Amino acid sequence: MAAPSGPEAAPSVTQTRARFARRVAAGVGSAALLLAMATDALAVAGRHLGVTFLGAIEIFEACIVVAATSAIVIATIDGTHARVRILLEQVGERAAGVLDRAADLVSAIIFVVLIAGSIWLASDLWNGHEVTEVLNLPMRWMRAFWIGGALLVATIFIGNAMRRRA
């Protein structure tokens, strides 16, 4: 009896890792959005009650770094980044495969450049004690989170390019 193929086949290691990474990114991003929403809601309620919630904007900004990074990771895993398909519809299947692979490679290069700039900036400021104004939240950890997420995105794009048929 042959092993099942198609949708009923067991997921590959790559698919299992992608599902796990997506779940982690969704959980972390969701928690960040919930914290951002709660912080903002408390700040608004506090303003109406005459109580100031110092640092609410700083907490919100930190949460947005986490949520946005998670969203980019999820969009990359799901393959839902915006792509113009007009040209792909006009060329043959082989040429479309080559162009898709090239798009993945160019996307990976863009993220590698963003990572290089982010690492450069982080290394210059790592020991600079760069913190937010009110709560003194260290910026280095937000930069590190972004760099880690961007590394994951670049890795996914490279993996996609290598798996695509040309």
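Numbers for the structure displayed
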| read-out | value |
| --- | --- |
| The listed residue being touching a Phe, Trp or Tyr at 6+ places or on another chain (Cβ under 9 Å), modelled with pLDDT of 95 or more and of a type in the set (A, V, I, L, M), out of ALA25, ALA36, ALA32 | ALA36 |
| Lone qualifier among ARG94, ARG47, ARG140 - being in a helix (DSSP H, G or I), of a type in the set (Lys, Arg), within 26 Å of PHE157 (Cα to Cα) and more than 25 Å from the chain's Cα centre (by Cα) | ARG94 |
| Tabulated pairs, region 82-101, first free of Cβ contacts under 8 Å to residues at least 40 places away in the same chain and more than 26 Å from ALA71 (Cβ to Cβ), second among the aliphatic types (A, V, I, L, M) and open to solvent by less than 50 Å² (accessible area, probe 1.4 Å), C-beta under 8 angstrom, 6+ apart or interchain | ALA96/LEU88 |
| Test result for ILE109, part of a helix (DSSP H, G or I), of a type outside the set (Lys, Arg), open to solvent by 60 Å² or more (accessible area, probe 1.4 Å) and closer than 14 Å to ALA161 by Cα | yes |
| Some residue of region 57-69 being at pLDDT 90 or above, closer than 20 Å to ARG17 by Cβ and either charged (D, E, K, R) or open to solvent by less than 60 Å² (accessible area, probe 1.4 Å) (or both) | yes |
| Matching residues in region 117-166 - criterion: being open to solvent by 60 Å² or more (accessible area, probe 1.4 Å), β-branched (Val, Ile, Thr) and closer than 13 Å to LEU105 by Cβ | THR155, ILE158 |
| Members of region 119-133 that are under 23 Å from ALA56 (Cβ atoms) and out of contact with any helix residue (DSSP H, G or I) (no Cβ under 6 Å at 6 or more places or on another chain) | HIS129, VAL131, GLU133 |
| Count - residues of region 65-88 that are closer than 17 Å to ARG164 by Cβ and in a helix (DSSP H, G or I) | 5 |
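The values are calculated or read from the model by the stated rules, or taken from the named source; none is laboratory data. No experiment lies behind these values; they were computed from the predicted model shown. Note: ideal-geometry Cβ built from the backbone for every residue, glycine included; neighbour counts use all protein chains shown. Side chains are part of the model used for accessible areas, which takes the heavy atoms of the whole protein and leaves out ligands, DNA and RNA. Shrake-Rupley method; radii C 1.70, N 1.55, O 1.52, S 1.80 Å.
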